[in-house]
Structures are given as structure tokens and as C-alpha cells.
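The values are calculated or read from the model by the stated rules, or taken from the named source; none is laboratory data. From a predicted model like this one, the values you see are computed outputs, not experimental measurements. So basically every Cβ, Gly included, is an ideal-geometry build from the backbone, and we count neighbours across all protein chains shown.
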């Protein structure tokens, strides 16, 4: 049972035991009520999770707490003392540290310079830097937060950059640490390390607020969890009294199937065959180092891996938007990898759909309307032509309306600009466009990045339906859960190479996590190329 | 080419390089903070007119300098207002201010003095006159070094020495102080500065104000030291050459000194076609020398002289994200 507690009222009983209390926080942006009468109380020395779909108001709430926005109404209590937080400086003074989803680091500064920035002592830098160096050594020792103080940020891995963010907060004497989607960019091993760090911070009496959409992390790491939906706090529960299913239902407001229901694959003939695919970047560095695989009709090949290990280059090379060498055949026909014919349009005409990783950059033109976007890449299709000169906009609009209905795009207004849809609905526009074009092979990059849980469920169903219709699917995702639940075969990508193929039925997150880190000896039999 | 000619050329290199150096350092502060400033030219021109006019009216060159700095800073603050407060396009604002400066300086000078848009010739206390450094006369006889000290290093107006002093000061500010750390940070990633609780707007206005100050000195040097009075369009593209030097120097102070002196040398050589003919054996048109800074800058931008990476947040107004 989910026990809905009015934490705001409870708090008055013993105010000093709470690190943070928010009472009746409301915030509107124009007509949009981002936060409505939010009450939350976080006991000191606990890890408190906040979950909710995109646009539920989590980020707004945290921005209010960090002084980015002023609440229209409500009260903030820090350690029982009413506190106003007009700017970030006040938040820092109140002992609040924030680790943003997109790190706020100066890329060409050293670790030390980033830590000192804004917390310098005196005009000359030297004293601040040497003091920070000492403090940093102590902190690294205390919390397993090892980073080289003189390393340049852009040379560090994402996991290390995140540690710098945490160190920044600790150096400023933060007692309350807010982490916004901290594991989105981490390998499973890095994420485990992060949670060990959080546990030791908690043991030292720090209070941690963890904002995430990953239910598993909430279940593993938090003491309490608050669920937000459409700007309101719908429940705060003890994590041990709850279950992922209940939390998902609270988030979405209806029952959600977390596991994708799919029958066994029924692989047909080989659709896409890739041999020794290589890609060099502009600096002549090889990003894809000889990748070979096959995908059959009616199967999903999942490519797992930490972002930046060549997955983007793989999609770009197959999609015809990046020069490559090697050989790729689609239904027996060789595809050009450079020169004429190596472009998205020719690929689409050959029967290859592509849902790109970055929908806002490659999938959509944000200022264009939904109907214009839904014809992108297919604007030469015969059904969209009125005559030799003009396109049939009425047909495109009607087509878009139909797609919007099928894919449940909200709001279903074809004339609305792409930028005015939420992330999930933008993705649905792209997914609808590519799936409805009925491709033989569909390339999918990060299908659910930044997409809320209801839309994730929908997109996953569509992918499986396409597979069951006998299409080949290449799925690239950094979300292991997604790879595991959708794929019929899994390949892990590390440093531009495929680290072998695994069967989702017999592998597990731990083994895939090791492969993602480049460890090949996982003492498991290879599931084989021709599964 | 004999030693005396070399010394003459080096002397005019410093004379001609000084306004470039001041303007280049001016641009460095603004661009390091993330505000591109194509309006160095306009600020220099405004400062040249204001300093020339006030020096002519009062006969006091220091009042002229102050007026020049004030005029330049007004232009800088307008640029700040447009690009920081109102988040406008920095290039458009800079170009617009250049046009305004080009027109308004002639207009004001004409209405004040009625001499076809010029100020009356300045002399005496209305000009920055060359100062002779200590012992310059005495060591003049020492071979090689003596004439170098006397001819090249000594004998420049005080503003030139200020310009050279500004190089180590800028370096120290940029790399050894809290202000410099924040300034560099705000040009690279303003969000990092903002979340550290420092005002992005405040920092950028401070940088733009320093730009105005240095451009003001550069303009005053043009009208009251290099020349004896203001004439229309007298900056003659120096603001753009300074900008080119800034890119060539990759936004670093010591390299800015090197770049501006190199470009100053080209200008000095352009004035002495006989010397070039003597060395190269062929006649090189002075227009070719005038174009050299731009050619070198294009080469620098194209990556032939190492990689020139501008401050990453340059040119983009900072908007807090939700």
C-alpha cells in the first residue's frame, strides 16, 4: 500500500530533525503551473528520491531550492530555519550543493581551478589554490573521490567529471547535496561507485536528494521517495514500503507495464550485413575500428555501451551521414559508404529508416511545424506531390494527423512547431515518421532518451510490433534495461569495436557492464554471431 | 640596411604598434568574458575625437585623455547593454557602433571647430610628448645597446609605456587572480560561473568596461600622441587589425604583444618602401604590406599557425536554463 503522508504538517512536530522542508511551494511560468503547492520534508542524514516524468516539475522545484527561480508562494526551511534563497550564492551559504545533469564545469580549466571558482579567498589565486589542494586531498581520502587536482576537465571521463562536481559542493561545505539524473551518463560500474560515495556521505550525516527517472536506483539507494506528477507532489513514501510498479503507476497516473511483453523472435533471411566498418573522425582518429555483424528480418540487434564508444559513428555511417570504409549490404545490395549515394535520402529509398540519437539536432527542425517535420526525408515520396512543381501540403497534413492519432502524439496539432512539443512527443513524431515509412531495416539511436515513462512504454511496443512484422532493427542505447528488454541479440560496443555477442536470456547487467568497460574475460560462452 | 635604419624601423614599429597593442588588450578582456567586440575601431575613433577636441579646447592633454576614455566607455557600455542585458547579436551591435562612431565624430568635430571634421592641430601641453628615459643621453655612446636604448626604447609618449606595462598586468590579472579566473570561466562556460553564485552579468560588464578604458587610451594615443589632432577616419582600420592580432595571439596577453608588434612592423615597413626594395630586391606595393596582418590572421584561423580556439561561450548571450 502506498501511504500518502502530509509531510509538511508532520514536519512541525520536530522541525530540527529535517534538513529541508518545503511548504506550499508554487511556481508558474505564464499559464503553465510548474509547481503546485509542493510539500516535502527531508530528514537529515537520509537519501531522498524524487521521481516524476519529464515536465512533472522536478527540475523547477530544485531550481527554486538552488536560487535559480523565485517561488510564487511557499516557504523553504533549512534545518528548521525559514530561509529565502534569492540566488545561487545564498543556496551555497545555506549549505546546499547541486550536481546538475549537465555538468557546470569549465572544460579547459584544471580540477582545482573549477573547485575554487566562486569560492576563492582573496584577490590573488595562489593561496586559494593551495588551500583547495589540501582540502581536496582530505575529501578524496574520506569519500573515495579520487581525482587528479591538476588534470584538465576535458581529459577526464564523465564519471570523474561528476566527482569534481561533488567535490565542488563538498568544498563549499554543502550539507545538503542535490543530484539531478546523476547516472544518465555513467557506466554501471561508475554508477555503483557513485552510490557508494553517496552512502558514505550519508554516513557522515549529509542529506542527499536524488532526482532520477530510474526506478531501480530509487529502490536501491533511497530511504524515502517523493513522486511528482504534473506539478504536484502525489505521494511521499518510505522506499522499503513501495515497489517499482507502484511508483511507476503513481508517476504516470495509470498502470504501466515495466517489462516489455514480447514473444520469441522469428528471424528470417539476413537484411543488413556489415563487414569491417571503419570510421575516422576529422582529426584522423579511428572511432570505429572494424565492426562486423548481421541483422536478420524479424530480429532486434541491441548495441549496448557507454556513450562515446563509437555507437554514434556506427549509426551515422550506416545512415549515410558519415564517410566510412568497409562493406555494408542491404538485402544483398551493397550500400555506398562514401561519395555519391552515401546520403540519408538514398538510404531511405533503399528501405532504411533512421531514428537518430539526437532528435533535436538530426531528427527534427525545431522551428518547423509537426507536419513539415513528418515529411522530412520523405518529401520526395510520390504521395506528397501535387504536381511536378508543388508539394501536396494538404496530403502531408492529413498524413500527419493520421500518424499523430496512431502514435498518440499530444497535442495532436499538425501545425504546432516541433519545439513546442515535450521531449516524448517530439520523439513520437520522429518514430511515427520512420516506422510509418515501412522500412526493411530501422536504425534506432537512444529511442527513449529524455522521454517520459508512459511514452517509453509506447515506443517500446512500437519497436516490438515492427520486429514482429518481420523488419530488422538495430537498436543503439546507453540504457541497459532497454537493451536487455528489447533485444534478441546484444552486442556491446567499446572503443570502436564490438566486444562479442550475448543472448539477453543468458546474460546479465553485470556481464554487460564489464564488457562496456572493455573487460572481455567474463567467463561466459559467446552467444555467437548467428543467433 | 644599416643599423641606423633598423633602429628607425624598430622605433616606428613601437610607435605604430602601440595603439594596436592597447586595442588588442582591450579586445582580449571583452572576448575572454564571452562578448565579441568588433567595435574596437569605433571606440578608438570616438576616443580619438573626444580627446583631440577636449585637448584642443582646454589645452590640457590629460583632460583630453579622460574625455577620450569617457567617450570610449560610453560606447562600450552601449555594446554591453545591447549584448549582455538585452542579449542582442554582438556582431550587429559592434558594427552598428562602428558606423555611429564614424559619423558622429565628424559631425561633432565639424560643429565644434568647423574645419572639415578635424580638430585644430595640437601642440605643447595639449599633446603627449615623447619622454626621454633616464640615462638615455648618457648611454647613447655605448655601442649597439646605447643607440637601441636611446632610439627605440626611450623617446615615446607616456601612453606607450602604459601600453607595454598593460601586458604583464593583464597576464597577472588573467592567470593569477580571482578576477582573471572568473573572467576566463565566464567566457568558457557562463553556467559554471552562475551556479558558483557569481553574477555573469556583472563580470561581463566589468570586462566590457575595461575594454572601453583601454580603447579610450588607444584612441587618445592616436589623436594626441601619434598625430597632432583628430582627423576623420583617422583610426584607419586599426581596430580590425587589433582584432586580427587578438585571434593571431589566440587571446593571450604576451602573444598579443608579439602579434601587435609584428603587425606594427608591417605598418612601419609599408612607410619605407625603399628599405624593402633594398632587402628584397623587388618593389613590394605598400598595399600588400597593409594586407599582411589579415593574411596572417586568415592563416592562423585556418590552423596553419597552431589552433586558434576562441573562448567557447563567445558571441552567445547567456540565458539561464530551466
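Taking the options B:244, B:223, B:259, name whichever one is surrounded by 22 or more Cβ atoms within 10 Å (Cβ to Cβ), in a helix (DSSP H, G or I) and at pLDDT 95 or above. Please lay out each step first, then the result.
Values: B:244 fails: at pLDDT 95 or above; B:259 fails: at pLDDT 95 or above.
The match here is B:223.
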- When segment B:108-128 is checked residue by residue, the ones that are loosely packed, with under 13 Cβ neighbours inside 10 Å, without any contact (Cβ under 8 Å) to a residue 40 or more places away in the chain and either at negative phi or not in a loop (DSSP other than H, G, I, E, B) (or both) are B:111
- Check A:415, A:374 and return the single one that is in a loop (DSSP other than H, G, I, E, B) and modelled with pLDDT of 90 or more. A:415
- Might you check whether a residue that is touching a strand residue (DSSP E or B) at 6+ places or on another chain (Cβ under 6 Å), surrounded by 16 or more Cβ atoms within 10 Å (Cβ to Cβ), in contact (Cβ under 8 Å) with a residue 12 or more places away in the chain and under 24 Å from residue A:185 (Cα atoms) occurs anywhere in segment A:408-430? yes
- Item | Leading residue by the ranking (farthest from residue A:68 (Cα to Cα)) among those in segment B:146-183 that are within 14 Å of chain A (Cβ to nearest Cβ) and surrounded by 22 or more Cβ atoms within 10 Å (Cβ to Cβ) | B:181
- Any idea which of (1) without any contact (Cβ under 8 Å) to a residue 60 or more places away in the chain; (2) surrounded by 15 or more Cβ atoms within 10 Å (Cβ to Cβ); (3) part of a loop (DSSP other than H, G, I, E, B); (4) more than 14 Å from every other protein chain (Cβ to nearest Cβ) is the one residue B:134 doesn't satisfy? (2)
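In the list B:83, B:30, B:93, B:12, which residue meets the criterion of being in contact (Cβ under 8 Å) with a residue 60 or more places away in the chain, surrounded by fewer than 24 Cβ atoms within 10 Å (Cβ to Cβ) and in contact with a helix residue (DSSP H, G or I) (Cβ under 9 Å, 6 or more places away or on another chain)?
Values: B:83 fails: surrounded by fewer than 24 Cβ atoms within 10 Å (Cβ to Cβ); B:30 fails: surrounded by fewer than 24 Cβ atoms within 10 Å (Cβ to Cβ); B:93 fails: in contact (Cβ under 8 Å) with a residue 60 or more places away in the chain.
It is B:12.
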- Message: Of all residues being touching a strand residue (DSSP E or B) at 6+ places or on another chain (Cβ under 9 Å) and touching a residue at least 60 places away in the same chain (Cβ under 8 Å) in segment A:140-169, which is nearest to the other protein chains (Cβ to nearest Cβ)? Just the residue, please.
- Response: A:168
- Counting only residues that are more than 7 Å from chain B (Cβ to nearest Cβ) and in a helix (DSSP H, G or I), which one in segment A:92-113 is surrounded by the most Cβ atoms within 10 Å (Cβ to Cβ)? A:111
- Message: So, in segment A:158-205, how many residues would count as being more than 13 Å from residue A:96 (Cα to Cα), in a loop (DSSP other than H, G, I, E, B) and more than 18 Å from the chain's Cα centre (by Cα)?
- Response: 2
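Could you list, in sequence order, all residues of segment A:222-241 that are surrounded by fewer than 23 Cβ atoms within 10 Å (Cβ to Cβ) and touching a residue at least 12 places away in the same chain (Cβ under 8 Å)? Working first, answer last.
At the first step, the residues of segment A:222-241 found to be surrounded by fewer than 23 Cβ atoms within 10 Å (Cβ to Cβ) are A:223, A:229-232, A:234-235, A:237-241.
Scanning segment A:222-241 gives A:223, A:229, A:230, A:231, A:232, A:234, A:235, A:237, A:238, A:239, A:241.
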- Query: Here are some residues: A:76, A:85, A:40, A:47. Which one is free of Cβ contacts under 8 Å to residues at least 24 places away in the same chain, farther than 28 Å from residue A:426 by Cβ, more than 10 Å from chain B (Cβ to nearest Cβ) and in contact with a helix residue (DSSP H, G or I) (Cβ under 9 Å, 6 or more places away or on another chain)?
  - Reply: A:85
- Task: Those residues that are in contact with a strand residue (DSSP E or B) (Cβ under 9 Å, 6 or more places away or on another chain) and either surrounded by fewer than 22 Cβ atoms within 10 Å (Cβ to Cβ) or within 14 Å of chain B (Cβ to nearest Cβ) (or both), I need them from segment A:50-62; list them, please.
- Result: A:55, A:56, A:57, A:58, A:59, A:60, A:61, A:62
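Here is a list: A:132, A:137, A:203, A:189. Which entry is touching a helix residue (DSSP H, G or I) at 6+ places or on another chain (Cβ under 9 Å), without any contact (Cβ under 8 Å) to a residue 60 or more places away in the chain and either away from chain B (no Cβ under 14 Å) or within 26 Å of residue B:172 (Cβ to Cβ) (or both)? Steps first, answer last, please.
Values: A:137 fails: touching a helix residue (DSSP H, G or I) at 6+ places or on another chain (Cβ under 9 Å); A:203 fails: touching a helix residue (DSSP H, G or I) at 6+ places or on another chain (Cβ under 9 Å); A:189 fails: without any contact (Cβ under 8 Å) to a residue 60 or more places away in the chain.
Answer to the check: A:132.
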- Message: Quick check on my filter: what residues within segment A:440-475 are surrounded by 24 or more Cβ atoms within 10 Å (Cβ to Cβ) and in a strand (DSSP E or B)?
- Response: A:442, A:443, A:444, A:445, A:472, A:473, A:474, A:475
- Task: Mind telling me which of the residues A:496, A:454 ends up being within 19 Å of residue A:273 (Cα to Cα) and modelled with pLDDT under 95?
- Result: A:496
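Tell me, please, whether a residue that is closer than 21 Å to residue A:115 by Cα and within 23 Å of the chain's Cα centre (by Cα) can be found in segment B:155-172. Steps first, answer last, please.
Here is the first cut: in segment B:155-172, the residues closer than 21 Å to residue A:115 by Cα are B:172.
With within 23 Å of the chain's Cα centre (by Cα) added as a condition, the list becomes B:172.
Among the residues of segment B:155-172, at least one is closer than 21 Å to residue A:115 by Cα and within 23 Å of the chain's Cα centre (by Cα), which makes the answer yes.
Can you pull out every residue in segment A:392-412 that is in a loop (DSSP other than H, G, I, E, B) and modelled with pLDDT of 90 or more?
Answer for segment A:392-412, where residues must be in a loop (DSSP other than H, G, I, E, B) and modelled with pLDDT of 90 or more: just A:392.
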